[in-house]
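Asker: Let me begin by handing over the structure; questions about it come next.
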Amino acid sequence: MNVAIAGLVRLLQLASPTLPIGAYSYSQGLECAVESGIVHNAATATEWIGDLLDLSMTTGDAAVLNRQIDALARGDDAAFIDWNAWFRASRETRELRAETEQMAASLISLAGDLQWIDAALAALAARCAPMTLPSAFALAARRIDAAADAVIAAYLWSWLDNQVLAAIKTIPLGQVAGQRLLAALGTRIEPAARRALDIADDDVASFVPGQALASVRHETQYSRLFRS
């Protein structure tokens, strides 16, 4: 996972929680899990977020992101469009689908403003509409001098950072406890990124019923901090 300094700086910006695409406003079901008592301390937050990393983010988001990076490298627009459609269809709830579409649209708009994508990539994004986040991330990272596993690691870290932030706000956890959570789960990012590279097409999946149910319930939860 070697990255040139210039590429690293771009990846850090792309994965930053300050990137204005709205990631901080979603909990992906975590807020409902806290409301129901499933997640109630650092240990249960570690279990919940770690399971999502292993069973959904690695085998779903990261595996699709890897395919989108590869499709762009090969100039295979058809494959890129197909995997974008697959990922959108894999979102089990209205909330999860709206999240990936909103964040992707914001990222593509930002990438255009920052000249991270050219006219050809912008046209491909338009052909994919509605765009999903793994596809938008692949487009935004297209000109970064970094291997696929590094780009995937940045994507997973961005997701993990926002999940821990959601846990800090909702459980709540202290800042130090949150950093311990990041440190513990962060050790799983590199193996997750490498695993995503080896997943066969037929094994790409994001079947996590617990998260889907939490997301459905969150859509009608009476009091909530995070967007639905």
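Asker: As an exercise: evaluate residue 79 against (1) free of Cβ contacts under 8 Å to residues at least 40 places away in the same chain; (2) not in a helix (DSSP H, G or I) and give the number of the one condition it does not meet.
Answerer: Looking at each condition in turn, residue 79 falls short on (2).
Asker: Condition first: more than 12 Å from the chain's Cα centre (by Cα), of a type outside the set (A, V, I, L, M, F, W, C) and within 18 Å of residue 173 (Cβ to Cβ). Now tell me which residues in segment 18-34 satisfy that.
Answerer: Within segment 18-34, 29, 31 meet the criteria.
Asker: Looking at (1) surrounded by fewer than 21 Cβ atoms within 10 Å (Cβ to Cβ); (2) touching a residue at least 60 places away in the same chain (Cβ under 8 Å), which one does residue 66 not meet, given that it meets all the others?
Answerer: Looking at each condition in turn, residue 66 falls short on (1).
Asker: Look at segment 23-49 and say how many of its residues are part of a helix (DSSP H, G or I), modelled with pLDDT of 90 or more and surrounded by 16 or more Cβ atoms within 10 Å (Cβ to Cβ).
Answerer: So the answer is 12.
Asker: For segment 155-177, what are the residues that are among the small types (Gly, Ala, Ser) and surrounded by fewer than 18 Cβ atoms within 10 Å (Cβ to Cβ)? Reasoning before the result, please.
Answerer: Taking segment 155-177 and keeping what is among the small types (Gly, Ala, Ser), we get 158, 166-167, 174, 177.
The answer is 174, 177.
Asker: Restricting attention to segment 85-104, and to residues there that are in contact with a Phe, Trp or Tyr (Cβ under 9 Å, 6 or more places away or on another chain) and outside any helix (DSSP H, G or I), which single residue is surrounded by the fewest Cβ atoms within 10 Å (Cβ to Cβ)?
Answerer: 92
Asker: (1) in contact with a Leu (Cβ under 6 Å, 6 or more places away or on another chain); (2) surrounded by fewer than 24 Cβ atoms within 10 Å (Cβ to Cβ); (3) in contact (Cβ under 8 Å) with a residue 40 or more places away in the chain: which one isn't true of residue 134, the others all being true?
Answerer: (2)
Asker: For residue 143, which of the numbered conditions (1) at pLDDT 95 or above; (2) surrounded by fewer than 23 Cβ atoms within 10 Å (Cβ to Cβ); (3) of a type outside the set (Gly, Ala, Ser) fails to hold?
Answerer: So the condition that residue 143 fails would be (1).
Asker: Oh, and also: Evaluate the following for residue 125: is it crowded, with 16+ Cβ neighbours inside 10 Å, without any contact (Cβ under 8 Å) to a residue 24 or more places away in the chain, touching a helix residue (DSSP H, G or I) at 6+ places or on another chain (Cβ under 7 Å) and within 20 Å of residue 67 (Cα to Cα)?
Answerer: yes
The values are calculated or read from the model by the stated rules, or taken from the named source; none is laboratory data. Predicted model only: the values in this text are computed from it and were never measured. Neighbour counts run over all protein chains shown; Cβ positions are idealised from the backbone, glycine included.
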